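Below you'll find the structure, written out as structure tokens, and then a few comments.
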Amino acid sequence: MAESDTGGIAVIGMACIFPGAPNVRTYWDNITAAKDVIQDVPSERWDPIYYDPESTDVDRFYCRRGGFIDEYASFDAIRFGIMPVAAQGSEPDQLLTLQVAYDALKDAGYENRDFARDRTGVVLGRGNYIGAGMTRLEQHVRTSQQLVQSLKELVPTLPDETLQEVKDAFQKKLGNYGPDTAIGLVPNLTASRISNRLDLQGPAYTVDGACASSLLAIDNAVRDLRTRRCDVVLAGGVHLSHDVAFWSVFCQLGALSRTEQIRPFSKDADGLLIGEGLGVVVLKRVEDAHRDNDRIYAVIRGVGVSSDGQETSLMMPRIDGQVNALEQAWSEANLDRNTVGLIEAHGTATPAGDAAELATLGQFFGPAENDNRAGLGSVKSMIGHTMPAAGIAGFIKAALSVYHGTLPPTLHCDEPNPALQNTRFRLIRQAEPWTDDVRRAGVNAFGFGGINAHVVLESDGKAMPAVR
């Protein structure tokens, strides 16, 4: 391959909103301070009646804790040339991702600086889970009709005029729905709206690989830069669905923690907690970033993507599939895997998931040869599992760790999973200096159903000023 096909990709800008953090600076401060931002579900998200730890009904949940961004979910529609009535009914992820994409470009120094907009793409990881806007549409169209139909069957004497009044009153409480709001419900417009409002003319699209979605977006962005289809790409992921139907799925699967605590790689890990959030990074070929004097957080050296292939169940992770993704990424990076200093793991805290990931790390990186073990962690211990945004949450954390020379802590693992001893890694209890001359990190994101992604990051080696 030509050098341009495997060259490094610089991370020159970042922005995010995650539980407890309206921006990258606060996100990093929370991480290094080992701050747990998990909380009870806000009362306005879903009715407390759904919480019943003794029930197995599909509309009752045994868990009520997770990661939420309610206090940061504000958007200035006029600023981006969007009519307030259109913004009112749109999926929130479209609007907040537009804001975060703008902030990422600003962080990269391109708020008021010329760049090749016709060669700037947008790739976002986004699941096809039902969101707040689509939920309202479903209630407008289907639930309102079911409501009046049930009333008509139960109370046949009710006049049609009364039934229509009930339907109208129900729909009024849901808010406006019409042509201006309908377009805000099309999932791929999460990326297209960014290109439209920020005048970016390269490819703009979303990808869905469940919990691996964000790193799949990174993979696509890297390919577009290395093939020179684009000169700049905004890549990331978003998950803002705390819909009750979504919670029902994970309760029925038994994937949520019954102790309501997420403990990645702990001996006592008993499941995940759902989080939400979004993040966007600005990527550029490293030689171009050097030429343009861009600040570089980290450099992407390799990306690997694989699927598990045949397994007894779609829910059962396969070690060989995960190892395949790591093999691809480190081979592409052409780096010695023994130089890894940090793995930001998928770390869902499900017993099967943690066991498979630790076995993967042990098989790929080998056992410890001395007491100098590399760091291992999962930001899910602080913010919950942000599903399609999980990869970008871990990617931003790892890039900041590389940039600042800090090994970040992971929470709630007083007694590590015994399988950790079979690896060359250790869990970091509190933030500590990362003193390697060249800092290298790997980021895992393994999606539901067997899609695996791994990214290799490296420090740029230039002077590293403080985050702007």
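Tell me yes or no: at least one residue of the range 404-415 is within 24 Å of Lys106 (Cα to Cα) and modelled with pLDDT of 95 or more. Reasoning before the result, please.
First pass over the range 404-415, keeping only residues within 24 Å of Lys106 (Cα to Cα): 404-405.
Okay, now just the ones that are also modelled with pLDDT of 95 or more, so 404-405.
The answer is yes; a qualifying residue exists.
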ask   = Of the residues that sit in the range 193-218 and are open to solvent by 30 Å² or more (accessible area, probe 1.4 Å), outside any loop (DSSP other than H, G, I, E, B) and touching a residue at least 24 places away in the same chain (Cβ under 8 Å), which one is farthest from Gly442 (Cα to Cα)?
value = Arg197
remark   = With the first residue restricted to the range 354-367 and required to be in contact (Cβ under 8 Å) with a residue 60 or more places away in the chain, and the second required to be open to solvent by 10 Å² or more (accessible area, probe 1.4 Å) and among the small types (Gly, Ala, Ser), Cβ contacts under 7 Å at 6 or more apart or on different chains are Asp354/Ala269; Ala355/Ala419; Leu358/Ala419; Ala359/Ala419
request  = Filter the range 1-25 down to the residues that are among the small types (Gly, Ala, Ser) and surrounded by 13 or more Cβ atoms within 10 Å (Cβ to Cβ), then identify the one that is nearest to Gly67 (Cα to Cα).
outcome  = Gly20
task = Hand me the list of helices (runs of 4 or more DSSP H) wholly inside the range 76-189 holding 3 or more residues that are open to solvent by less than 70 Å² (accessible area, probe 1.4 Å) and in contact with a strand residue (DSSP E or B) (Cβ under 8 Å, 6 or more places away or on another chain).
result = 92-107
ask   = Of all residues in the range 223-242, how many are part of a helix (DSSP H, G or I) and buried (at least 24 other Cβ atoms within 10 Å of the Cβ)?
value = 1
ask   = Within the range 417-439, can you find the residues that are part of a strand (DSSP E or B) and under 18 Å from Asp36 (Cβ atoms)?
value = Leu427
request  = Could you please let me know if Ser55 is of a type in the set (Gly, Ala, Ser) and surrounded by 13 or more Cβ atoms within 10 Å (Cβ to Cβ)?
outcome  = yes
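From the list Ala399, Ala390, which residue is within 24 Å of Thr259 (Cβ to Cβ), modelled with pLDDT of 95 or more and under 17 Å from the mean Cα position of the chain (by Cα)?
Numbers: Ala399 fails: within 24 Å of Thr259 (Cβ to Cβ).
On inspection, the qualifying residue turns out to be Ala390.
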inquiry  = Suppose we filter the range 243-264 for residues that are touching a helix residue (DSSP H, G or I) at 6+ places or on another chain (Cβ under 8 Å), within 30 Å of Arg429 (Cα to Cα) and open to solvent by less than 20 Å² (accessible area, probe 1.4 Å); how many remain?
reply    = 3
query = Among (1) under 29 Å from Thr348 (Cβ atoms); (2) modelled with pLDDT of 95 or more, which single condition is Phe250 missing?
reply = (2)
remark   = Apart from one, (1) buried (at least 24 other Cβ atoms within 10 Å of the Cβ); (2) among the hydroxyl-bearing types (Ser, Thr, Tyr); (3) not in a loop (DSSP other than H, G, I, E, B) all hold for Thr410; the odd one out is (3)
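Conditions (1) of a type in the set (Lys, Arg); (2) within 22 Å of Tyr403 (Cβ to Cβ); (3) in a helix (DSSP H, G or I), marked per residue:
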| residue | (1), (2), (3) |
| --- | --- |
| Ala10 | no, yes, no |
| Arg25 | yes, yes, yes |
| Ile31 | no, yes, yes |
| Glu44 | no, no, no |
| Pro53 | no, no, no |
| Cys63 | no, no, no |
| Phe68 | no, no, no |
request  = Give the number of residues within the range 26-51 that are open to solvent by 40 Å² or more (accessible area, probe 1.4 Å), more than 27 Å from Leu427 (Cβ to Cβ) and in contact with a helix residue (DSSP H, G or I) (Cβ under 9 Å, 6 or more places away or on another chain).
outcome  = 4
query = For the range 101-160, how many residues meet the condition of being modelled with pLDDT of 95 or more and β-branched (Val, Ile, Thr)?
reply = 3
query = Among the residues of the range 217-247 satisfying the criterion of being modelled with pLDDT of 95 or more and β-branched (Val, Ile, Thr), which is farthest from Leu283 (Cα to Cα)?
reply = Val238
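The values are calculated or read from the model by the stated rules, or taken from the named source; none is laboratory data. Values in this document were obtained by computation on a predicted structure and should not be read as measured data. Cβ atoms come from the backbone with ideal geometry, glycine included; neighbour counts cover every protein chain shown. For the accessible areas, the whole protein counts, side chains as well, though only heavy atoms, and no ligand, DNA or RNA atoms are used. Shrake-Rupley method; radii C 1.70, N 1.55, O 1.52, S 1.80 Å.
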